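See below for the structure under consideration.
The values are calculated or read from the model by the stated rules, or taken from the named source; none is laboratory data. Keep in mind that this is a model prediction, so the values were computed, not measured. Glycine also receives a Cβ, built like all others from the backbone with ideal geometry; neighbour counts cover every protein chain displayed.
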Amino acid sequence: MTNASERSRAFAAREPATLVVALALLLGLQPVTTDLYLPALPGLARELGGPLGLAQLTLSALILAFGCSQLVIGPLADRLGRRSVLAGGLVLYAAAAVASAASDSLHMLIACRALQGVGLAAAVVCARAMVRDLYRPAEGARVMSQALTGLGVIALASPVVGGIVAAAWGWRAALAVTGLFAALTLALLLARVPETLAAPNPQALQPGPLLATWGRMLRHPVFIAWTLLITCTYGGLYTYLAGSSFIFIDVLGLSRTGYGMVLAGSSLSYIAGTFWCRRLLSRHGLAGAVRRGSLVTMGAGVALAASAALGWAHPLAVALPQAVFAFGHGVHQPCAQAAVAGPFPAHAGTASALSGFTMSLVAFGIGGWLGVALDGTLLPFLLTMAVACGLTALVGLTLVQRHGEPRRDDSRP
């Protein structure tokens, strides 16, 4: 065991709360990036003189850059270490946030948000890889669930903070706040969190070895099972985030305040799910926790399909099943994020990145599908959500049960 590995493990044992806070901030940068500026979106479209559709590309460009850049950032983190890639990514993110706040056109803002997506990818990929560096998959899932509880709190607060800042100081201030969040996260990391990668991989960025590593991952049943699980459950979450404002406000006639309460309820249900996840892990292990979470997700899918079949056009017919889905997501997400790199401790960054790229690719496809399918009724949205729930439950009850528990050669941190 190297000195660096010994120091990082000692830190994790000595200051577990600091590590969980750091992970929560890194992972929480995602809802900060996507949710905090949403209340300011109409204002920036008006001030910069562009249509709302062009303004919405500020989110699409960010998601596309976030997904694609992971394929490079993951191997880079395996080659150079987590701290250096994190530091570079957070500096890029903060600088892009400042440039976003100073943008004088929507096209410039779109470019800056894409750069923020690259910085965000560094934060998320390295956070997941750090968990694998320090913990076996089952223990890593417990730590990840604690960090994702923090993410849930950040997700709950982000649109509220964004609305207050935008109302008081305008959209530029809301974008600047995202940079401030990244700067504070970087300060904590540099001051308190050591390097967690025990031995950098000098071949991580070489095309031949990298392609061979990707090939091994894409053929490995453990990686396939957990990647499919996290991709399916994230597909349901993204469907909700991308389409729920249209459904609740335009179709069901809910006020913006009422819609905010629905989002808050979903976030609270997700937070409760992460607490339940930790209890399940201690009693039933990874596969057992996912089995029980999958039954919850299946129930949400059945309720959504029933709402679609029976034509229940009421906000509760959507909000309640979604809250149930969010509860199950609070089990699936930490388990899958911690376990997906289990068989590849020497390539944790690459494994986390390849899984994250798959998630982003599916999310981008769902966004395109919803843009075509949403027709002013509840049916396309409800059926898309129900399919995502059904696929998540199917993977959780089959592939994860068959391959999800760590094998002996996957157990070392």
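Assorted remarks:
- Tabulated pairs, region 203-230, first among the basic types (Lys, Arg), second not in a helix (DSSP H, G or I), C-beta under 9 angstrom, 6+ apart or interchain: ARG216/PRO343; ARG216/PHE344
- When THR227 is tested against (1) within 27 Å of LEU115 (Cα to Cα); (2) crowded, with 16+ Cβ neighbours inside 10 Å; (3) at pLDDT below 95; (4) touching a Ser or Thr at 6+ places or on another chain (Cβ under 8 Å), only condition (3) is not met.
- Output for region 36-49, where each listed residue is surrounded by 17 or more Cβ atoms within 10 Å (Cβ to Cβ) and modelled with pLDDT of 80 or more: LEU36, LEU48
- Single condition GLY215 does not satisfy, out of (1) surrounded by fewer than 21 Cβ atoms within 10 Å (Cβ to Cβ); (2) of a type outside the set (Asp, Glu); (3) outside the structural domain of GLY368 (by TED's automatic domain parsing): (3)
Yes or no, residue by residue, for (1) outside the structural domain of GLY179 (by TED's automatic domain parsing); (2) under 30 Å from PRO345 (Cβ atoms); (3) in contact (Cβ under 8 Å) with a residue 12 or more places away in the chain; (4) of a type in the set (A, V, I, L, M, F, W, C):
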position	(1), (2), (3), (4)
LEU54	no, no, yes, yes
LEU59	no, no, yes, yes
ILE63	no, yes, yes, yes
GLY67	no, yes, yes, no
LEU80	no, yes, yes, yes
ALA95	no, no, yes, yes
SER103	no, no, yes, no
GLY117	no, yes, yes, no
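- Taking first residues from region 177-194 that are more than 26 Å from ILE164 (Cα to Cα) and partners that are small (Gly, Ala, Ser) and loosely packed, with under 14 Cβ neighbours inside 10 Å, the Cβ contacts under 9 Å between residues at least 6 apart in sequence or on separate chains come to PRO194/ALA10.
- Sole exception among (1) surrounded by fewer than 19 Cβ atoms within 10 Å (Cβ to Cβ); (2) closer than 29 Å to GLY81 by Cα for HIS284, by number: (2)
Here's the yes/no breakdown for (1) surrounded by fewer than 22 Cβ atoms within 10 Å (Cβ to Cβ); (2) among the aromatic types (Phe, Trp, Tyr); (3) under 19 Å from ALA393 (Cβ atoms):
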| site | (1), (2), (3) |
| --- | --- |
| CYS277 | no, no, yes |
| ARG291 | yes, no, yes |
| MET298 | yes, no, yes |
| VAL302 | yes, no, yes |
| ALA306 | yes, no, yes |
| ALA313 | yes, no, no |
| LEU316 | yes, no, no |
| GLN322 | no, no, yes |
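- Contact map, region 265-289: first residue on the phi > 0 side of the Ramachandran plot, second residue at pLDDT below 95 and surrounded by 23 or more Cβ atoms within 10 Å (Cβ to Cβ), Cβ cut-off under 6 Å, separation 6 or more or different chains; the map is empty.
- Subset tally (residues that are of a type outside the set (D, E, K, R), over 15 Å from ALA346 (Cβ atoms) and within 26 Å of the chain's Cα centre (by Cα)) for region 188-207: 6
Conditions tested, residue by residue: (1) part of a helix (DSSP H, G or I); (2) in the same structural domain as THR33 (by TED's automatic domain parsing); (3) of a type in the set (D, E, K, R).
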position	(1), (2), (3)
ALA174	yes, yes, no
ALA191	yes, yes, no
ASP250	yes, no, yes
SER267	yes, no, no
TYR270	yes, no, no
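- Wholly enclosed helices (runs of 4 or more DSSP H) of region 50-143 bearing at least 2 residues at pLDDT 95 or above and closer than 30 Å to HIS284 by Cα: 106-134
One line per residue, one yes/no per condition, for (1) of a type outside the set (A, V, I, L, M, F, W, C); (2) over 19 Å from the mean Cα position of the chain (by Cα); (3) more than 18 Å from ALA22 (Cα to Cα):
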{"site": "LEU106", "(1), (2), (3)": "no, yes, yes"}
{"site": "CYS112", "(1), (2), (3)": "no, yes, yes"}
{"site": "LEU115", "(1), (2), (3)": "no, no, yes"}
{"site": "LEU120", "(1), (2), (3)": "no, no, no"}
{"site": "GLY140", "(1), (2), (3)": "yes, no, no"}
{"site": "GLN146", "(1), (2), (3)": "yes, no, no"}
{"site": "LEU151", "(1), (2), (3)": "no, no, no"}
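- Taken over region 376-396, residues that are surrounded by 24 or more Cβ atoms within 10 Å (Cβ to Cβ) and within 16 Å of LEU229 (Cα to Cα) amount to 8.
- Boolean, LEU286 is among the hydrophobic types (A, V, I, L, M, F, W, C), over 16 Å from PRO321 (Cβ atoms), in contact with a Lys or Arg (Cβ under 7 Å, 6 or more places away or on another chain) and not assigned by TED's automatic domain parsing to the domain that holds TYR135: no
- Sub-6 Å Cβ pairs linking a first residue in region 361-375 that is at negative phi to a second residue that is outside any helix (DSSP H, G or I), at least 6 apart or interchain, number zero.
- Taking the conditions (1) outside the structural domain of PHE327 (by TED's automatic domain parsing); (2) in contact with a His (Cβ under 9 Å, 6 or more places away or on another chain); (3) assigned to a helix (DSSP H, G or I); (4) not hydroxyl-bearing (Ser, Thr, Tyr) in turn, ASN201 satisfies each one other than (3).
- Residues (under 17 Å from SER352 (Cβ atoms) and over 20 Å from the mean Cα position of the chain (by Cα)) located in region 50-75: none
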